[in-house]
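Enquirer: Pasting a structure here, questions to come.
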Amino acid sequence: MKKILSKTESLKATPHLYCPGCGHGIIHRLVAESIDELGLREKTIGIAPVGCAVFAYDYFNFDVSEAPHGRPPAVATGIKRVRPDKIVFTYQGDGDLAAIGTAETIHAANRGENITVIFVNNANYGMTGGQMAPTTLIGQKTATSPYGRDPKREGYPMKVCELLSSLEGVAYLERVSVSNPKNIISAKRAIKKAFQNQVDGKGFSLVEVLSQCPVDWGMTPQNSIKWVEDVFVKAFPLGVYKDKK
Amino acid sequence: MSKIEIITEKCKGCGLCIIVCPKKSIQLSKNFNKAGYHPAVFVEGADCTACGLCFQVCPDVCIEVYKDK
Ligand SMILES: Cc1ncc(C[n+]2csc(CCOP(=O)(O)OP(=O)(O)O)c2C)c(N)n1
Ligand code: SF4
Ligand code: SF4
Ligand code: SF4
């Protein structure tokens, strides 16, 4: 009997500290597989965020640098500019990328830095206990919007792919989800392309992954993937937002 | 016959593999692993087409799929 599927070399055997059913673990696997299939492991440098993925260096089997909250695109810019031969990517949550790190995100994109960004949108601040994020949906209840997000008071959900799509320097933007096998396979294709773009020198590539956060959403893993499919994707439509030829 | 193996010490019993298995060949164990979860187990001798759907959804990457040629 032949083993046809198991973790690949870019993922360590270390157990993840994520909650049961959390989308981060699936996304880690897709990143690791993409890097291994492209043969990039020995020249990849990841930038871990502040957030639930802060321990990414414990899970990935290649070099990983930590960055202050929201600053991975700035750190990635520095590393890629001094070592253009390396493959440099950031892995960031929505609090990290779209709240405290908004300026770093927009300017790295606008400069067209030749980096890859894996953006994990789980519609809240996971690590700190489920507070409202810029990406929280209208009406969504969180620890800091207990009656639901009201746009009159808290503004509207920030759509990062749509926002960045007008910037000249951006090469590739796609929004995917990891709620079922079909979407996961599609997410893998997008992530692999975002790395291939960097190899080809195309410039800034970002994949936004809608990810389940069952614990902070107060749902079972089963209900959390249902919420992604019934509610989350309606507010954040999946698809390619930019693909520069 | 094809089969899967589950690294039970890494499993968190989230049950996502159970809902996608077309052959209904995965269950949660009544026993606990060291982390205190009821891990998923492959039902001994159950059908498996090595489709890999369980592997795709597993957030803890603790499923290995074996295909009979
Ligand atoms: C400068 C700074 N401000 C605030 C915090 C507290 N903090 C830690 S994680 C986090 C939010 C992380 O949320 P997100 O980026 O969405 O990632 P997730 O945990 O959901 O994956 C915050 C605000 C911090 N560590 N550093
Ligand atoms: S809080 Fe949410 S994002 Fe963080 S590990 Fe738990 S489920 Fe995952
Ligand atoms: S490989 Fe397919 S048939 Fe086999 S246990 Fe997994 S989901 Fe079920
Ligand atoms: S999907 Fe993975 S972690 Fe969840 S129950 Fe199945 S084997 Fe365990």
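Where a number appears in this text, it was derived from the coordinates with a stated rule and is not lab data. Quantities reported herein were computed from a predicted structural model and do not represent experimental measurements. Here Cβ is always computed from backbone atoms with ideal geometry, including for glycine, and neighbour counts include all displayed protein chains.
Enquirer: Can you sort B:Tyr37, A:Tyr156, A:Tyr57 by how many other beta carbons sit within 10 Å, fewest first?
Expert: Ascending Cβ contact count within 10 Å gives the list A:Tyr156, A:Tyr57, B:Tyr37.
Enquirer: Please give the Cα centre distance for segment A:35-108 versus segment A:211-245, rounded to the nearest Å.
Expert: Centre-to-centre distance over Cα atoms comes out at 22 Å.
Enquirer: Oh, and also: Once the other residues with Cβ under 12 Å from the Cβ of B:Asp68 are scored (Lys, Arg +1; Asp, Glu -1), what is the net sum? Mind dumping the intermediate values first?
Expert: Details: positive: A:Lys2, A:Lys3, B:Lys3, B:Lys67, B:Lys69; negative: B:Asp47.
It works out to a net charge of +4.
Enquirer: Neighbour counts of other C-beta atoms within 10 Å: give me B:Leu16, B:Leu53 arranged from fewest to most.
Expert: Ranking B:Leu16, B:Leu53 by Cβ neighbours within 10 Å, fewest first, gives B:Leu53, B:Leu16.
Enquirer: Highest GNM mean-square fluctuation, chain A, Cα pairs closer than 10 Å: which of A:Asp85, A:Asp216, A:Asp63?
Expert: Maximum fluctuation in the GNM of chain A, among the listed residues, is at A:Asp85.
Enquirer: Which aspartates and glutamates have a Cα less than 18 Å from the Cα of A:Lys202, not counting those fewer than 8 places away in the same chain?
Expert: The qualifying aspartates and glutamates are A:Asp85, A:Glu113, A:Glu168, A:Glu174, A:Asp243.
Enquirer: How much FRET efficiency would the formula 1/(1 + (r/R0)^6) give for A:Thr8 and A:Asp150, where r is the Cβ-Cβ distance and R0 is 41 Å, rounded to 0.05?
Expert: Rounded to the nearest 0.05, the efficiency is 0.40.
Enquirer: Then there is this: Putting +1 on Lys and Arg Cβ atoms and -1 on Asp and Glu Cβ atoms, find which of B:Gly15, A:Ala53, B:Gln56 reaches farthest to the positive end of the dipole of the protein assembly as shown.
Expert: Looking along the dipole axis, the top candidate is B:Gln56.
Enquirer: Kindly work out what percent of the DSSP beta bridges joining two residues of the protein assembly as shown are antiparallel, to the nearest 5.
Expert: Bridges in the protein assembly as shown that DSSP calls antiparallel: roughly 40 percent.
Enquirer: Treat every Asp and Glu Cβ in the protein assembly as shown as -1 and every Lys and Arg Cβ as +1, leave all other atoms uncharged, and give the resulting dipole magnitude about the Cα centre to the nearest 20 debye.
Expert: 440
Enquirer: Whose amide H sits under 5 Å from the amide H of A:Ile4, counting only residues 5 or more places off or on another chain, with H placed in the peptide plane?
Expert: Residues meeting the amide H criterion: B:Val65, B:Tyr66, B:Lys67.
Enquirer: Which of B:Lys10/B:Lys30; A:Lys12/B:Lys3; A:Lys12/A:Lys193; A:Lys152/A:Lys244; A:Lys86/A:Lys245 have a Cα-Cα distance over 26 Å?
Expert: With Cα atoms farther than 26 Å apart: A:Lys152/A:Lys244.
Enquirer: How big is the dipole moment of segment A:37-81 about its Cα centre under a simple scheme where the beta carbon of each Lys and Arg is +1, that of each Asp and Glu is -1, and everything else is neutral? Debye, nearest 20, please.
Expert: I would put it at about 240 debye.
Enquirer: Using only alpha carbons, build the gyration tensor for the protein assembly as shown and give me the equivalent ellipsoid semi-axes, biggest first, whole Å.
Expert: Values: eigenvalues 194, 114, 56 Å².
Three semi-axes, in Å: 31, 24, 17.
Enquirer: Sort A:Ile225, B:Ile19, A:Ile87, A:Ile35 so the one with the fewest other Cβ atoms within 10 Å of its own Cβ comes first.
Expert: Ordered by Cβ neighbours within 10 Å, fewest first: B:Ile19, A:Ile87, A:Ile225, A:Ile35.
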